[in-house]
Amino acid sequence: MKTLDLQPTTDNIMNTFVKDILERNDDIYAFIGLLNIIEQNYSLALDGAWGSGKTFFVNQTVMVLDALYGSTGSEYQKSYETILGRVPNELEPNNFAIYFDAWANDNDDDPLLSILYTIVKKYRMSFPNDTDLEKVFCGVADLVIDNPLTAGVTLGFNKVVKKTANKVSDISSNIVGKNILEELEKVKNIEKRIHDFFEKILEKRGSERIVIFIDELDRCKPSYSVKLLERIKHYMVHENITFVFSTNISELSHTISHCYGT
């Protein structure tokens with residue numbers, strides 16, 4: 001039995017854009033125009049029901065942004081001329097685009113490291129011999145893995161107070177005998193290193209902004225969805241970063257309620 005759904009493969013994303021089969025190209029251009037005028041740290045949501053084509057829309061947006069910027073190593077690089085032939089001339093190459101499939105990564109221990117690793121991989125396509133960013137990433141990873149207080153940041157409040165107390169107890173036992181001020185210093189160091197991480201990308205790429213598209217968050221395990229949102233809130237705040245969450249807000253609200261209660 002074959003599915004009737006059009007899967008978001010590279011060929012399908014490209015072909016539906018070139019032929020404007022979904023009749024959304026004008027919406028993509030308008031959305032990119034909106035991204036180009038955003039200032040400071042900003043997050044926005046593309047809300048839609050399951051099956052409404054959010055993944056196609058964000059992947060096509062990333063494809064156009066890559067073409068505008070001339071990003072090397074993209075699976076669409078050979079088609080840039082075709083893509084740009086359909087894009088309005090007034091759209092400017094301001095944004096370095098990252099696509100992150102949260103659902104595909106929700107078995108990872110820490111979404112923070114998964115997102116940063118995704119950025120490193122795309123960065124290496126343009127600068128394969130530059131290992132500085134990888135060193136920064138490895139430094140952040142060492143701090144996150146080694147610091148028990150980073151787990152405390154993502155606890156949140158459970159409906160059952162007993163569960164929260166047990167988790168706090170577990171974390172407390174992990175830091176017995178350690179200097180808590182030193183652990184807090186590590187948390188601040190993570191924030192600084194991630195800020196430096198983004199600064200290096202912006203400088204090297206010559207971009208005005210980095211736009212990170214987080215897709216399929218509403219399909220993830222509740223614990224992972226909440227942890228990802230909290231990681232972004234605490235560690236990925238930068239004046240030149242835009243987050244775009246393509247999600248079913250109604251379903252995501254159920255996920256968050258599962259962890260925090262109604």
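Each reported figure results from applying straightforward, stated rules to the coordinates on display, with no laboratory input. Model, not experiment: these values are computed from the prediction. Counting neighbours? That spans all protein chains shown, and the Cβs are built from the backbone with ideal geometry, glycine included.
Could you tell me which GluC sites (Glu not before Pro) in the stretch 17-109 are loop residues by DSSP with no more than 16 other beta carbons within 10 angstrom of their beta carbon? Here the GluC sites (Glu not before Pro) that fit, given the DSSP loop and packing criteria, are Glu23, Glu39, Glu75, Glu90.
Note on Trp103 and Asn12: the model spin-label points, each 7 Å out from Cα along the C-beta direction, lie 1.1 nm apart. Computed from backbone phi with θ = phi - 60° and the Karplus coefficients 6.51, -1.76 and 1.60, the 3J(HN,Hα) list for the stretch 212-223 is 10, 8, 9, 10, 6, 5, 6, 9, 7, 4, x, 4 Hz; x is used for glycine and proline. Please find the FRET efficiency linking Ser52 to Ser126, where r is the Cβ-Cβ separation and R0 is fixed at 22 Å, and quote it to the nearest 0.05. With a Förster radius of 22 Å, E is 0.10. Here the dipole of the stretch 202-248 is about 160 debye; that uses its Cα centre as origin and unit charges on the Cβ of Lys and Arg (positive) and Asp and Glu (negative).
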